1. Determine whether the stretch 93-101 contains at least one residue that is outside any loop (DSSP other than H, G, I, E, B) and of a type in the set (S, T, N, Q).
2. Would you please name the residue that is surrounded by the most Cβ atoms within 10 Å (Cβ to Cβ), looking only at residues in the stretch 26-74 that are assigned to a strand (DSSP E or B) and acidic (Asp, Glu)?
3. I'm trying to understand the selection: among the residues of the stretch 1-10, which are open to solvent by 40 Å² or more (accessible area, probe 1.4 Å) and not aliphatic (A, V, I, L, M)?
4. I want to confirm something. Restricting to the stretch 75-92 and keeping residues that are surrounded by 14 or more Cβ atoms within 10 Å (Cβ to Cβ) and in contact with a Ser or Thr (Cβ under 8 Å, 6 or more places away or on another chain), which single residue is nearest to GLY23 (Cα to Cα)?
5. Would you call GLY10 within 11 Å of the chain's Cα centre (by Cα), in contact (Cβ under 8 Å) with a residue 60 or more places away in the chain and not in a strand (DSSP E or B)?
6. For the stretch 93-115, which positions are of a type in the set (A, V, I, L, M) and open to solvent by 70 Å² or more (accessible area, probe 1.4 Å)?
7. Inside the stretch 69-92, can you point out the residues that are free of Cβ contacts under 8 Å to residues at least 12 places away in the same chain and more than 17 Å from ALA41 (Cβ to Cβ)?
8. Pairs only if they're at least six apart or on different chains, beta carbon under 6 angstrom, first in the stretch 93-120 and of a type in the set (Val, Ile, Thr), second part of a strand (DSSP E or B); list them, first residue then second.
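The values are calculated or read from the model by the stated rules, or taken from the named source; none is laboratory data. In this text, all values refer to a predicted model and were calculated from it rather than measured experimentally. Here Cβ is always computed from backbone atoms with ideal geometry, including for glycine, and neighbour counts include all displayed protein chains. When the accessible area is computed, the model is the full protein with side chains, heavy atoms only, and any ligands, DNA or RNA have been set aside. Shrake-Rupley method; radii C 1.70, N 1.55, O 1.52, S 1.80 Å.
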Amino acid sequence: MIAGTFGDNGELLFEIELIAASGLELLVDVWLDTGFSGWLAMNSQDLEGLDWVYANQQMMLTAQGNVDFQIYIGKVRINQEEFDIPVHVGTGVPEFLIGRQWLRNMRLLADMSLGILTLG
């Protein structure tokens, strides 16, 4: 189980590790976006150095309209467990986002009044 924090505007924030093809591990803050149906989305400039394998291209409807994403197979570590997941990479993605696919495998507990936020 990983503990998260609430952002100034109620964002659900967690830390995960991105694992590059070389084995380099990068700790990043991610926002849980329940409007995003995928696993992980990131800006194309953040992909540099990870050397993840390109899989395909996919058009998705976002709050900004239809967006064309490049899909890569990436490796992340959450809660001490490694996952190979499809990663949506595009321009203009303002933050690292994890989507509701994680809620199929993990339980989200969010209680803003008590300041409790966990995913596990």
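1. yes
2. ASP29
3. THR5, PHE6, ASP8, ASN9
4. Here the answer is VAL89.
5. No.
6. LEU109, MET112, LEU114
7. Correct list: GLN80, GLU81.
8. The qualifying pairs are VAL93/ALA41; VAL93/MET42; VAL93/ASN43; ILE98/VAL30; ILE98/LEU32; ILE98/LEU40; THR118/ALA3; THR118/LEU109.
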